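The values are calculated or read from the model by the stated rules, or taken from the named source; none is laboratory data. For clarity, every value in this text was computed on a predicted model and none was experimentally measured. No Cβ is skipped: glycine too gets one built from the backbone with ideal geometry, and neighbour counts run over all protein chains shown. Just so you know, the surface numbers come from the protein's heavy atoms only, side chains and all, with ligands and any DNA or RNA stripped out. Shrake-Rupley method; radii C 1.70, N 1.55, O 1.52, S 1.80 Å.
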Amino acid sequence: MAIVQMKRFELFSFSQSAQKLHRALQLFRDVHFYDLRREEQAEEIPLHQALDISALEEKESLLGNLRWMHRVLEPYDTRPKGLKAMKEGLDVLTLPELEAKAASVDYKADFKRLNTLYRKKEDLESRIHTLEETIRERRPWEVLDVPLKTLSSGNMVDMFLGTVPKKLSPAMEEAVEEFALSSLERVNEVGQSDYYLFISHRSEAEAFRDTLRRYGFSEVVFSKGTTVSELQKEAGAEIEKLRTEVEEVQKQIVPMAENLPYYEAAYDYESNLQLKIDTAKQFLRTEKVEWIRGYIPAEKETDFRKLLDETLSEGYHLEMEEASVEDPQVPIALKNNKFVDSFASITAMYTLPTYGEIDPTPFFAPFYWVFFGMMAADIAYGLIVLVGTLLVLKFANLKPAMRKFVRFFCYLSVSMTIWGAFYGSFFGDLIPLPAVFDTQKDFIPMLIMSIAFGAVHLFFGLGLSGYMALKQGDWQSAVYDVLFWYMAVIGACVFGIGTMMGLSPMIVSVTKWIMIVGMVGIVLTGGREAQSIGGKLAMGVYSLYNITGYVGDFVSYSRLMALGLAGGFIGLAVNLIVRMLAGAGIIGLIPGIVVFVVFHLFNIFLSMLSAYVHTSRLTYVEFFGKFYEGGGIPFRPFVKEPKYSQFPENY
Amino acid sequence: MTLTEFFIQYGGVVLGGLGASLAVLMAGIGSAIGVGIAGQAAAGIIIEEPEKFGKSLVLQLLPGTQGLYGFAIGLVVMLGLTPDMPLQKGLYIFVSALPIAFVGLFSAIEQAKVSIAGLNILAKNEEHQTKGIIYAVMVETYAILAFVMSLILILRA
């Protein structure tokens with residue numbers, strides 16, 4: 001239950017066994033490397049890494065090819081999709097299994113083959129496209145039902161076809177009239193262009209064409225002598241022929257999709273190889289020796305030594321020691337029971353603890369559970385989420401991270417249900433239930449309860465800060481920064497409430513003195529790190545001023561009440577509409593049911609989202625603010641999470 | 001009937017009704033603007049990466065809740081309206097609706113701006129988009145507080 005104990009090692013081995021060693025380390029998995037290039041000596045060592053760089057580039061382009069293959073073949077994938085795929089989930093494979101699966105196809109050759117086929121298909125398709133374009137352009141000329149060779153020019157006559165923009169054609173026709181030995185014939189008009197046949201005597205042909213050009217004339221030349229309709233038919237036949245060819249190629253491409261599972265395995269495997277080569281850049285290697293520094297979980301030490309003995313038979317040198325709490329590079333892995341582990345993502349989203357700190361997850365998890373339920377309180381909502389998440393956990397094969405996330409909400413839904421019972425809320429006010437807190441009236445008791453929860457939360461956080469100080473043997477901090485604050489804040493609270501409620505004078509005066517001792521203590525010790533006496537006192541007064549922060553902290557917990565009410569009343573408003581609709585008889589009933597389902601689902605989503613965010617906030621700002629700093633580096637195992645499959649749990 | 005007489009007789013229900021309208025109106029306008037501008041930003045992401053639709057939808061919808069709060073207040077007020085309501089009660093209800101009306105309007109627009117920033121996170125660094133959602137929901141806190149205050153005031157009327 002806490003941060004996993006780590007060991008730091010320095011490993012010196014022969015460079016010739018590097019490949020073998022890296023492979024063994026990747027199979028070992030639970031090892032986190034320190035980037036030795038950051039060490040100062042690194043610059044003095046004659047490095048020997050050129051080979052790795054080109055290997056890395058090669059891997060990257062290979063991965064790019066595999067991604068491309070996947071994109072091309074995905075549309076022809078015949079495996080089940082959607083719900084069924086979710087139920088079956090991803091295959092569970094270890095790294096060697098991935099390797100074996102990938103090796104059963106020759107994906108490099110397959111890539112070349114697919115690439116050739118795909119290019120061929122693209123080429124054919126672009127030819128089809130060009131032909132279709134030509135047919136479309138020629139269509140206006142189809143009315144010319146004479147063979148095109150009869151339109152050809154001779155020694156005396158220049159005969160040609162062309163288009164003129166519609167806007168300019170009247171002016172052009174007018175201009176043409178000036179030529180005595182030339183004529184034109186409008187063949188067709190389509191869209192913005194007019195289509196003409198021009199005839200001109202050689203003697204004025206040049207001038208005629210010049211004139212035409214001024215009106216935006218563009219000539220159209222046909223290469224063959226048959227009629228336009230013939231040409232169109234030929235092109236159509238050509239397209240048909242190309243289409244069959246495309247189909248032929250397609251018939252060769254589609255079956256390749258059957259190998260998709262293997263290409264996916266290849267991708268996952270190759271991306272691990274890429275990670276291996278990329279990570280190896282963090283090791284320092286000369287021509288003879290390779291130096292690796294890293295961390296392993298302490299419990300794996302024996303396995304690790306055994307692995308090195310087996311792999312590096314030609315000898316190696318290993319130094320291993322307990323990771324020091326002073327070393328900021330120690331990677332952090334958290335290990336907790338199932339319940340607490342579900343909340344680890346909340347810790348990770350903020351920041352992981354450093355090696356010298358404590359893992360805050362087990363401490364905030366119960367509070368998180370209670371607060372979340374309070375903010376999203378509803379029996380029906382809780383039960384829906386509970387049943388939903390249980391079904392998913394039972395029937396769907398999810399990735400471990402996703403599974404953890406679903407389990408997280410599964411736990412929280414229980415809290416939602418319990419608080420729903422306290423508030424007497426079932427789909428808002430759908431069924432009147434006896435309630436401990438009546439959300440229509442008991443605002444003040446709910447507010448007091450919220451702030452009381454807040455007080456427990458805050459003081460628990462403060463207590464953890466004291467515990468950590470004592471653990472490090474720093475009793476001064478424990479007394480000055482924790483005990484005095486307890487006295488000042490709790491004393492002030494009880495004194496204030498006692499005075500207002502008229503409790504016995506003895507309690508009032510005792511708590512008054514506790515408060516005063518605490519405050520004086522804070523003023524005297526709060527500035528103990530300042531240099532001068534004046535500075536100490538000023539800082540002391542300033543740190544007492546932080547007591548106003550506690551007021552803000554307490555008030556912040558009013559959100560526990562506010563969010564609980566907000567969700568409940570949105571539900572109530574939905575029911576109000578539904579009742580109005582249902583009151584209108586059978587015609588209103590159906591839309592009523594639709595509104596009921598849609599809006600309550602929306603409200604579940606909204607309440608849970610708000611509860612998630614606001615509980616996280618109370619954890620991060622109010623609770624962590626009292627004791628937690630964090631800043632740890634996450635432990636990165638020497639494997640890359642596969643994209644299309646998953647590693648076995650605890651592998 | 002003079003205007004004064006009318007006002008004395010029906011002023012209560014008029015002011016109360018005005019409160020209900022105002023809650024729905026202003027919070028609704030705020031949400032409409034908010035969801036609108038966030039939607040534009042979301043559409044920009046979908047051009048390149050259509051698979052982010054679901055996630056961008058969450059960010060787009062966040063500024064939409066204020067309208068819902070205003071609507072819920074409007075409904076609760078509506079239930080309590082009677083034609084013979086005294087003037088002072090109508091005025092009280094009117095004032096009760098103001099928190100969600102104003103905070104709803106402005107918080108929805110401000111929240112939309114944070115949502116857009118969150119959509120940027122989604123576009124460039126999808127892994128951390130939850131953080132964008134958290135930032136945006138923070139703005140909502142004040143709409144919730146206003147909603148609860150309006151609600152408490154009305155229920156105590």
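Details
- Being within 30 Å of A:Tyr644 (Cα to Cα) and either touching a helix residue (DSSP H, G or I) at 6+ places or on another chain (Cβ under 8 Å) or among the aromatic types (Phe, Trp, Tyr) (or both) holds for only one residue in A:Leu284, A:Leu312, A:Leu260, and it is A:Leu260.
- Test result for B:Glu127, open to solvent by 60 Å² or more (accessible area, probe 1.4 Å), within 14 Å of chain A (Cβ to nearest Cβ) and out of contact with any strand residue (DSSP E or B) (no Cβ under 8 Å at 6 or more places or on another chain): yes
- Test: residue in region A:150-159 that is within 30 Å of A:Ala237 (Cα to Cα), more than 57 Å from the chain's Cα centre (by Cα), assigned to a helix (DSSP H, G or I) and not hydroxyl-bearing (Ser, Thr, Tyr): yes
- Checked against (1) of a type outside the set (Lys, Arg); (2) open to solvent by 40 Å² or more (accessible area, probe 1.4 Å); (3) within 16 Å of the chain's Cα centre (by Cα), B:Val76 passes all but condition (2).
- Residues of region A:575-587 satisfying the condition of being part of a helix (DSSP H, G or I) and surrounded by fewer than 23 Cβ atoms within 10 Å (Cβ to Cβ): A:Asn575, A:Leu576, A:Ile577, A:Arg579, A:Met580, A:Leu581, A:Ala582, A:Gly583, A:Ile586, A:Ile587
- Counted residues, region A:486-535 - those being open to solvent by 80 Å² or more (accessible area, probe 1.4 Å) and among the aromatic types (Phe, Trp, Tyr): 1
Per-residue answers, yes or no, for (1) out of contact with any Phe, Trp or Tyr (no Cβ under 8 Å at 6 or more places or on another chain); (2) within 9 Å of chain A (Cβ to nearest Cβ):
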position	(1), (2)
B:Leu81	yes, no
B:Asp84	yes, no
B:Phe94	yes, no
B:Gln111	yes, no
B:Ile116	yes, no
B:Asn120	yes, no
B:Gly132	yes, no
B:Val137	yes, yes
B:Ile144	no, yes
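- Residue list for region B:49-58, filter: within 11 Å of chain A (Cβ to nearest Cβ) and surrounded by 22 or more Cβ atoms within 10 Å (Cβ to Cβ): none
- A:Tyr350 vs. criteria under 22 Å from the mean Cα position of the chain (by Cα) and open to solvent by 10 Å² or more (accessible area, probe 1.4 Å): yes
- Here A:Val176 clears all of (1) open to solvent by 30 Å² or more (accessible area, probe 1.4 Å); (2) at pLDDT below 85 except the condition numbered (1).
- Selected residue (only one of A:Ile604, A:Ile633, A:Ile590 is open to solvent by 40 Å² or more (accessible area, probe 1.4 Å) and assigned by TED's automatic domain parsing to the domain that holds A:Tyr411): A:Ile590
- Residue within region A:383-392 that is assigned to a helix (DSSP H, G or I), buried (at least 19 other Cβ atoms within 10 Å of the Cβ) and either away from every other protein chain (no Cβ under 14 Å) or in contact (Cβ under 8 Å) with a residue 24 or more places away in the chain (or both) present: yes
- Picking from residues in region A:575-599 that are under 37 Å from the mean Cα position of the chain (by Cα) and within 13 Å of chain B (Cβ to nearest Cβ), the one that is nearest to B:Gly80 (Cα to Cα) is A:Asn575.
- So A:Thr417, is it over 21 Å from A:His614 (Cα atoms) and either open to solvent by less than 70 Å² (accessible area, probe 1.4 Å) or modelled with pLDDT of 90 or more (or both): no
- Among residues of region A:536-558, those that are open to solvent by 20 Å² or more (accessible area, probe 1.4 Å) and within 19 Å of B:Ser150 (Cα to Cα), counted: 2
- Region B:146-157 - residue that is facing another protein chain (nearest Cβ under 10 Å) and open to solvent by 50 Å² or more (accessible area, probe 1.4 Å) and, of those, modelled with the highest pLDDT: B:Met149
- Check on B:Ala41, in contact with a helix residue (DSSP H, G or I) (Cβ under 9 Å, 6 or more places away or on another chain), open to solvent by less than 60 Å² (accessible area, probe 1.4 Å) and of a type outside the set (Lys, Arg): yes
- The residues of region A:424-462 that are assigned to a helix (DSSP H, G or I), among the aromatic types (Phe, Trp, Tyr), more than 14 Å from chain B (Cβ to nearest Cβ) and open to solvent by less than 70 Å² (accessible area, probe 1.4 Å), listed by number, are A:Phe453, A:Phe459.
- Condition met for A:Tyr612 (touching a Phe, Trp or Tyr at 6+ places or on another chain (Cβ under 9 Å), within 9 Å of chain B (Cβ to nearest Cβ) and surrounded by 22 or more Cβ atoms within 10 Å (Cβ to Cβ)): yes
- Members of region A:468-491 found to be in contact (Cβ under 8 Å) with a residue 40 or more places away in the chain and hydroxyl-bearing (Ser, Thr, Tyr), listed by number: A:Tyr480
- Single residue of B:Ile33, B:Ile46, B:Ile29 found to be in contact with a Lys or Arg (Cβ under 8 Å, 6 or more places away or on another chain), more than 14 Å from chain A (Cβ to nearest Cβ) and not basic (Lys, Arg): B:Ile46
- Qualifying positions in region A:76-106 - of a type outside the set (D, E, K, R) and assigned to a helix (DSSP H, G or I): A:Tyr76, A:Gly82, A:Leu83, A:Ala85, A:Met86, A:Leu95, A:Pro96, A:Leu98, A:Ala100, A:Ala102, A:Ala103
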